[in-house]
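Undergrad: Can you keep this structure in mind? I'll have questions shortly.
The values are calculated or read from the model by the stated rules, or taken from the named source; none is laboratory data. Quick caveat, the model's predicted, so the values are computed rather than measured. Cβ coordinates were reconstructed from backbone atoms using ideal geometry, including for glycine residues, and neighbour counts include every protein chain displayed.
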Amino acid sequence: MTTVLERLRDDAPLIAVEMRPPRADLSAGDTIDAWLAMGSAVRRLSRDDTVFFFTDNATGTSEEENLHHLVCNLEQLERLRLCPFLTTKHSLEYCLWYADRAARDGHTALTVLGGDPHVGPPRCVPHADALRRRIRERHPSLALGGWANPHRDAAGQVGYLLDTGAAADFFLTQVVSHHDLAPVERFVAEGRRRGLSIPGVFGVFYYRSANTATLKLLERFLPVPAAEIARDFGGRGLTADEICARTVRTLRDLGVRHVYISNLRPDDASRRVAAIHALVRG
């Protein structure tokens with residue numbers, strides 16, 4: 001099995017999966033059940049050609065630490081394709097200790113993000129690149145991922161990734177949609193024009209329904225084409241799998257080879273990924 005970075009450098013199209021650890025406020029029994037479901041999902045999906053990203057206190061909600069349970073519950077070979085997130089929303093001592101443990105326990109990559117500055121604890125450094133540089137000094141063989149947001153100025157986002165000080169071997173993007181394609185087209189075109197060569201993985205959100213309250217809540221954290229999603233489920237009669245697959249297909253038409261799907265349930269992730277693969281292939 002190849003490492004995270006080796007797989008991302010491969011041009012073969014990839015559908016990766018982003019998962020959230022259980023919330024820290026669950027009961028002990030619910031936490032155990034959640035991690036068992038997560039481990040089972042990873043083992044099932046590992047038989048397919050995928051990569052796993054695990055969040056770190058996503059949306060400011062306190063989550064179980066991802067690294068401890070990944071080490072305890074998965075074999076070292078399986079950890080080759082696991083890439084935990086580490087945000088700067090911890091003390092610097094903790095962040096460096098976390099990277100030490102990741103390298104020691106067989107992880108090959110970390111995605112190091114700033115984290116939402118408007119919620120939760122403050123950042124230990126102003127920007128994630130400062131933390132990546134510190135980690136690179138300690139663990140030069142650990143592949144480090146950065147972050148880009150195609151919904152912001154394309155020149156600035158691509159320039160940030162091209163800066164050697166960014167210390168990024170690959171990058172993930174904010175969630176994008178086929179319903180709002182212009183920002184993605186600008187970002188991809190700018191990257192090609194300026195020779196951006198590190199691999200990128202574009203985010204695709206799995207909308208399970210058009211529930212108005214849920215979509216409004218999501219809008220606090222990511223761009224949501226709420227009206228179009230509602231029409232997809234309503235007037236167009238599309239399923240959640242079909243909506244997700246349309247975004248993946250549209251991105252591939254733009255030349256984007258790698259995506260990660262966010263918001264899958266661990267107990268259903270394997271079936272959903274298989275269904276989306278089939279729809280994308282047509």
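Undergrad: Has segment 190-212 got at least one residue that is surrounded by 16 or more Cβ atoms within 10 Å (Cβ to Cβ), hydrophobic (A, V, I, L, M, F, W, C) and in a helix (DSSP H, G or I)?
TA: Checking segment 190-212: not a single residue is surrounded by 16 or more Cβ atoms within 10 Å (Cβ to Cβ), hydrophobic (A, V, I, L, M, F, W, C) and in a helix (DSSP H, G or I).
Undergrad: Okay, next question. Being touching a helix residue (DSSP H, G or I) at 6+ places or on another chain (Cβ under 7 Å) and at pLDDT 95 or above narrows it down to one of ARG192, ARG257, ARG231, ARG249, so name that one.
TA: ARG249
Undergrad: Looking for something without any contact (Cβ under 8 Å) to a residue 40 or more places away in the chain, among the polar types (S, T, N, Q) and either assigned to a helix (DSSP H, G or I) or crowded, with 18+ Cβ neighbours inside 10 Å (or both) - is there at least one such residue anywhere in segment 144-154?
TA: Looking for residues that are without any contact (Cβ under 8 Å) to a residue 40 or more places away in the chain, among the polar types (S, T, N, Q) and either assigned to a helix (DSSP H, G or I) or crowded, with 18+ Cβ neighbours inside 10 Å (or both), one finds at least one in segment 144-154, hence yes.
Undergrad: Next question. Out of ARG101, ARG123, ARG132, I need the residue that is basic (Lys, Arg) and not in a helix (DSSP H, G or I). Which one?
TA: ARG123
Undergrad: Going by what's in this entry, would TYR206 be described as touching a Cys at 6+ places or on another chain (Cβ under 6 Å) and within 28 Å of TYR160 (Cβ to Cβ)?
TA: yes
Undergrad: Within segment 37-55, count every residue that is crowded, with 17+ Cβ neighbours inside 10 Å and either without any contact (Cβ under 8 Å) to a residue 12 or more places away in the chain or among the hydroxyl-bearing types (Ser, Thr, Tyr) (or both).
TA: Looking only at that region, the number is 3.
Undergrad: Going by what's in this entry, would LEU172 be described as within 28 Å of ALA240 (Cα to Cα) and either small (Gly, Ala, Ser) or not in a loop (DSSP other than H, G, I, E, B) (or both)?
TA: yes
Undergrad: Now for a different question. For GLN157, all conditions in the list (1) modelled with pLDDT of 95 or more; (2) surrounded by fewer than 23 Cβ atoms within 10 Å (Cβ to Cβ); (3) part of a helix (DSSP H, G or I) hold save one; what is the number of the exception?
TA: Result: GLN157 passes all but (2).
Undergrad: Based on this model, can you work out whether ALA128 counts as modelled with pLDDT of 95 or more and within 19 Å of the chain's Cα centre (by Cα)? Write out each step before concluding.
TA: On the way: modelled with pLDDT of 95 or more: yes; within 19 Å of the chain's Cα centre (by Cα): yes.
It is true that ALA128 is modelled with pLDDT of 95 or more and within 19 Å of the chain's Cα centre (by Cα).
Undergrad: Consider only pairs whose beta carbons are under 8 Å apart and that are at least six residues apart or on different chains; among these, list those whose first residue lies in segment 15-34 and is under 29 Å from VAL201 (Cα atoms) and among the basic types (Lys, Arg) and whose second residue is assigned to a strand (DSSP E or B) and at pLDDT 75 or above.
TA: As it stands, the answer is ARG20/PHE54, since those pairs meet every condition given.
Undergrad: Is segment 165-185 home to any residue that is over 22 Å from VAL248 (Cα atoms) and β-branched (Val, Ile, Thr)?
TA: Step one: filter segment 165-185 for residues over 22 Å from VAL248 (Cα atoms), giving 165-169.
Filter again for β-branched (Val, Ile, Thr), leaving none.
The answer is no; no qualifying residue exists.
Undergrad: Can you go through ALA24, ALA34, ALA58, ALA103 and tell me which one is of a type in the set (A, V, I, L, M), in contact with a helix residue (DSSP H, G or I) (Cβ under 9 Å, 6 or more places away or on another chain) and either modelled with pLDDT of 95 or more or surrounded by 15 or more Cβ atoms within 10 Å (Cβ to Cβ) (or both)?
TA: Going through ALA24, ALA34, ALA58, ALA103 in turn, the sole match is ALA103.
Undergrad: In segment 237-258, what count of residues is obtained for those that are over 18 Å from the mean Cα position of the chain (by Cα) and in a loop (DSSP other than H, G, I, E, B)?
TA: 5
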